[in-house]
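Working notes, structure below.
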Amino acid sequence: MPFFQSISQSVRVGDVSLYEGELPKEIAEMVNARGSLGPTDSVNFSEYGKTESGVAQLIGRIKSHPDVGKRHYPARYREIFGDAEPAIGVYG
């Protein structure tokens with residue numbers, strides 16, 4: 001039986017604070033002291049703050065496998081890519 005570990009698909013990560021009351025004070029101070037970490041290169045990191053985890057995961061799969069997304073999720077594919085065809089198998 002395959003097992004995939006992830007957060008609940010209904011969680012909106014942007015609505016959850018992991019630091020309020022859950023971290024020891026000295027750890028929270030270290031987190032705050034490092035400041036902003038800047039942008040990430042993750043293919044769908046920004047979606048986790050806007051929508052449910054399950055939707056963000058689906059968006060990531062469609063972005064990483066656009067040929068499959070176009071066939072099985074055409075409406076979501078058009079939301080992501082519009083009328084453009086992403087380059088498949090092209091690197092760098």
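The values are calculated or read from the model by the stated rules, or taken from the named source; none is laboratory data. Small disclaimer: the values here were computed from a predicted structure and weren't measured. Here Cβ is always computed from backbone atoms with ideal geometry, including for glycine, and neighbour counts include all displayed protein chains.
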Discussion item. For the stretch 48-92, which positions are closer than 27 Å to GLY14 by Cβ and aromatic (Phe, Trp, Tyr)?
Written reply: TYR48, TYR73, TYR77, PHE81
Worksheet item: Under the condition of being out of contact with any Pro (no Cβ under 9 Å at 6 or more places or on another chain) and among the hydrophobic types (A, V, I, L, M, F, W, C), which residue from the stretch 60-86 is surrounded by the most Cβ atoms within 10 Å (Cβ to Cβ)?
Response: ILE62
Worksheet item: Does SER64 meet the test of being of a type in the set (S, T, N, Q) and at pLDDT 85 or above?
Response: yes
Worksheet entry | Those residues of the stretch 31-49 which are surrounded by 13 or more Cβ atoms within 10 Å (Cβ to Cβ) and either at pLDDT below 75 or in contact with a Cys (Cβ under 7 Å, 6 or more places away or on another chain) (or both), in sequence order | VAL43, ASN44, PHE45, SER46, TYR48
